[in-house]
There are 2 protein chains.
Amino acid sequence: MKSSQMKVSDLGEKGIIERIIERSKLCSQSNMDLSNFATSIGDDSALTNITMDENSYLVSSTDMLIEHSHFPYGMTYFQMGYKAVVVNVSDLASMGADNIGFLLNIAIPKDTLLDDFDELICGVIKACDEYDIPLIGGDTNQAGEIIISGTAIGQVDKDKALMKYGFQTGDLVCISEELGLAALGFELLNLKKQLTNNLFENVDLEKKLKAAYEIDSSLCEMAIFKALKPEARYLEGHILRDHNTKDNRLTATDITDGLASEFYEIINSDKKFTYSSSENLNDNYKKGIRIYEDKLPVEEEYKEIADALGLDYLDLFLHVGEDFEFLFTINKELKNQLSDDMNFYIIGEIIEKNTLEIVLSNGDIKNISSEGYQHLK
Amino acid sequence: MKSSQMKVSDLGEKGIIERIIERSKLCSQSNMDLSNFATSIGDDSALTNITMDENSYLVSSTDMLIEHSHFPYGMTYFQMGYKAVVVNVSDLASMGADNIGFLLNIAIPKDTLLDDFDELICGVIKACDEYDIPLIGGDTNQAGEIIISGTAIGQVDKDKALMKYGFQTGDLVCISEELGLAALGFELLNLKKQLTNNLFENVDLEKKLKAAYEIDSSLCEMAIFKALKPEARYLEGHILRDHNTKDNRLTATDITDGLASEFYEIINSDKKFTYSSSENLNDNYKKGIRIYEDKLPVEEEYKEIADALGLDYLDLFLHVGEDFEFLFTINKELKNQLSDDMNFYIIGEIIEKNTLEIVLSNGDIKNISSEGYQHLK
């Protein structure tokens with residue numbers, strides 16, 4: 001395809017970010033110092049050297065939520081506002097940062113009811129309360145749908161920042177809590193939406209939904225709640241940060257686009273970091289991830305519900321995001337010490353082989369594909 | 001009207017911001033400390049006390065540009081990207097801040113051509129170069145139209161920050177450069193758009209446009225250029241800041257919504273600041289602004305062109321924004337000293353009377369209404 005005919009959708013979201021970095025170098029006449037950008041690009045937040053304090057990074061994260069793609073069916077205005085804070089706080093937390101302030105940039109349709117608007121703002125404020133991040137400014141605009149662009153600003157000690165890179169062969173691969181709940185919630189909400197809209201195959205959809213609720217109605221409700229009102233692992237971010245030392249390097253990221261996608265992210269990030277000066281990246285790099293199906297914290301009922309909905313539970317677990325749980329790596333020796341401070345699940349380890357693989361319950365080993373959620377694909 | 005039936009459009013943009021502050025107090029259980037927010041709310045940027053350095057404020061500004069309302073007819077992708085940086089840098093500059101970094105949050109239609117996207121990013125990067133503010137992070141999304149939410153982060157010495165409030169009776173009211181050019185540019189672009197779209201009254205519109213260009217074609221082109229590629233008064237912000245002392249207080253804001261609207265802004269801001277503890281604001285406050293038509297830096301050709309277009313040039317000057325020039329106040333004694341460092345026009349003074357007025361060339365005195373541009377009205 002000729003470059004002039006290519007569309008941004010041909011790149012996908014991550015390709016677009018790479019493109020921005022590439023164009024930055026081409027466009028910048030003054031040879032813009034992209035070293036700050038480069039250190040943290042692809043990480044959860046931007047790290048900036050603040051001149052006034054040589055020991056700290058300024059940490060900033062910005063995320064835009066657009067009604068039609070980020071607010072699932074059934075989400076209240078309160079939950080929209082709440083989520084706009086959570087997604088940004090989650091990025092800061094997964095760097096181990098302390099919060100400084102939140103900027104709210106909101107566009108709303110002009111016929112939005114004031115009561116609904118108030119509810120949305122209340123969601124923002126409650127989340128700011130919850131995560132101890134004051135609302136410090138913002139902007140309002142008019143648009144055809146609700147758009148909330150939040151920016152969270154924080155700070156972290158330079159030698160404590162939780163990067164995506166820097167893990168070693170033998171490190172344990174961990175997650176902060178059960179995954180896949182939000183993914184299941186989105187599926188259930190989607191079913192409900194189709195039923196409400198009276199679309200095709202009503203009987204079949206109704207049967208599926210009923211079956212899911214009959215297996216475990218409270219699990220279904222929990223899943224929906226997690227999809228509608230996610231929380232950020234703020235506390236866990238601080239605990240991990242406090243355990244992060246030069247000799248005992250932790251790495252962490254929040255799971256927003258599915259576990260598989262985050263695996264690729266951290267491996268790519270580590271690859272870049274490790275061989276940033278070498279030219280033959282792929283030849284030399286020898287780190288990968290192996291996880292075990294049997295170690296995944298999944299309830300039997302979860303598998304049954306996925307089955308009833310005609311879904312592969314591993315797909316939900318690996319390829320759908322928005323859990324905002326942490327994926328992190330620790331040195332084996334840290335295991336017991338960290339267990340005293342927080343709950344987590346060890347699901348695998350860093351291996352000395354350039355693959356991402358899952359050992360299934362039946363002993364088979366399968367490669368994990370990268371198909372996470374990309375907004376522009 | 002019952003509150004439950006009210007729409008956000010009934011409030012207008014500034015009303016909405018007030019509403020957000022009000023709801024913040026009502027919703028916050030932990031009695032969120034809004035003092036940071038309150039100091040700078042309504043000012044150009046948020047000021048935050050950064051704990052690590054007691055002498056500095058962290059300054060942050062966020063602005064969302066939406067294609068259908070912020071990108072005039074004829075604007076190139078490059079100019080869209082450039083403007084997204086300028087609007088935020090302008091806010092920081094008008095606080096006297098040094099730039100730290102820029103976060104780019106962009107949503108684009110998925111069928112956007114990659115070449116167009118590259119051009120847009122190039123606009124962002126060139127502006128970042130121009131204003132010495134590195135791009136440090138961001139987010140990309142898909143939307144039905146181009147939405148760019150930029151966040152600029154900077155810092156300023158606490159006793160140097162250029163607030164909107166704090167002027168004294170007798171202070172001179174100044175602007176950094178000629179105003180009204182962007183306003184004229186928007187009018188001309190609008191005419192061209194209507195002509196291109198073959199709308200009604202074609203002959204009349206063509207005549208108007210031709211007349212404008214016959215009066216001064218280069219002024220017309222300059223006006224259009226200013227509307228399409230605004231610049232921020234970064235240098236001027238630093239000069240004003242350096243002259244700002246405890247004994248000789250400067251105040252400043254950038255003119256984004258029209259001069260009249262900014263007059264109301266600075267008076268309201270000063271009112272709140274001055275009597276923040278009193279209950280009878282309106283009774284006690286005795287400061288206002290008087291400007292003089294004869295002191296406005298307006299070329300004769302500008303007036304003629306406005307006339308040819310059927311517009312009142314004072315309306316363009318007072319009630320349309322997007323110039324990104326500075327409105328600032330200085331103590332009389334600073335006049336000569338400041339003239340050595342930068343160009344500016346003295347257009348009036350702070351008076352001991354609670355009015356906003358203009359002394360017309362014929363000697364008549366007229367009140368200035370507040371009708372600036374409000375996005376949600």
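Of note:
- Filtering region A:83-94 to residues that are away from every other protein chain (no Cβ under 11 Å) and within 12 Å of residue A:230 (Cβ to Cβ) leaves A:83, A:84, A:85, A:86, A:89, A:90.
- For the criterion of being free of Cβ contacts under 8 Å to residues at least 24 places away in the same chain, exposed (fewer than 13 other Cβ atoms within 10 Å of the Cβ) and either among the hydroxyl-bearing types (Ser, Thr, Tyr) or assigned by TED's automatic domain parsing to the domain that holds residue B:204 (or both), residue B:336 passes.
- Within the set A:196, A:169, the sole residue that is closer than 30 Å to residue A:311 by Cα and surrounded by fewer than 16 Cβ atoms within 10 Å (Cβ to Cβ) turns out to be A:196.
- Summed over region B:95-154, the residues that are at the interface with another protein chain (Cβ under 7 Å from one of its Cβ atoms), part of a helix (DSSP H, G or I), out of contact with any Ser or Thr (no Cβ under 7 Å at 6 or more places or on another chain) and more than 25 Å from residue B:233 (Cβ to Cβ) give a count of 2.
- Flag set for residue B:216, criterion: at pLDDT 90 or above, part of a helix (DSSP H, G or I) and not hydrophobic (A, V, I, L, M, F, W, C).
- When residues of region A:159-208 are limited to those that are aliphatic (A, V, I, L, M) and part of a loop (DSSP other than H, G, I, E, B), the one nearest to residue A:353 (Cα to Cα): A:163
- Hits in region A:57-82 - residues which are facing chain B (nearest Cβ under 10 Å) and surrounded by 24 or more Cβ atoms within 10 Å (Cβ to Cβ): A:58, A:59, A:60, A:61, A:62, A:63, A:64, A:81
- Helices (runs of 4 or more DSSP H) contained entirely in region A:232-323, each with at least 3 residues that are under 21 Å from the mean Cα position of the chain (by Cα): A:234-243, A:259-274, A:313-319
- Every condition in (1) out of contact with any strand residue (DSSP E or B) (no Cβ under 7 Å at 6 or more places or on another chain); (2) buried (at least 22 other Cβ atoms within 10 Å of the Cβ); (3) closer than 15 Å to residue B:265 by Cα holds for residue B:369 except the one numbered (2).
- Check on residue A:327, modelled with pLDDT of 95 or more and outside any loop (DSSP other than H, G, I, E, B): yes
- The criterion of being out of contact with any Leu (no Cβ under 9 Å at 6 or more places or on another chain), part of a loop (DSSP other than H, G, I, E, B) and under 21 Å from residue B:234 (Cβ atoms) does not hold for residue B:91.
- Test for residue A:69: is it in a helix (DSSP H, G or I) and at pLDDT below 80: no
- Residue pairs whose Cβ atoms lie under 6 Å apart, separated by 6 or more positions or on different chains, with the first residue in region A:109-132 and under 13 Å from residue A:84 (Cα atoms) and the second in a loop (DSSP other than H, G, I, E, B), are A:125/B:28.
- Enumeration of residues in region B:335-360 that are of a type in the set (D, E, K, R), within 21 Å of residue B:294 (Cβ to Cβ) and not in a strand (DSSP E or B): B:335, B:353
- Checklist (1) at pLDDT 90 or above; (2) within 14 Å of another protein chain (Cβ to nearest Cβ) applied to residue A:209, failing item: (2)
The values are calculated or read from the model by the stated rules, or taken from the named source; none is laboratory data. All values derive from a computational prediction rather than experimental measurement. With ideal geometry, Cβ positions are generated from the backbone for all residues, glycine too; neighbour counts draw on all protein chains shown.
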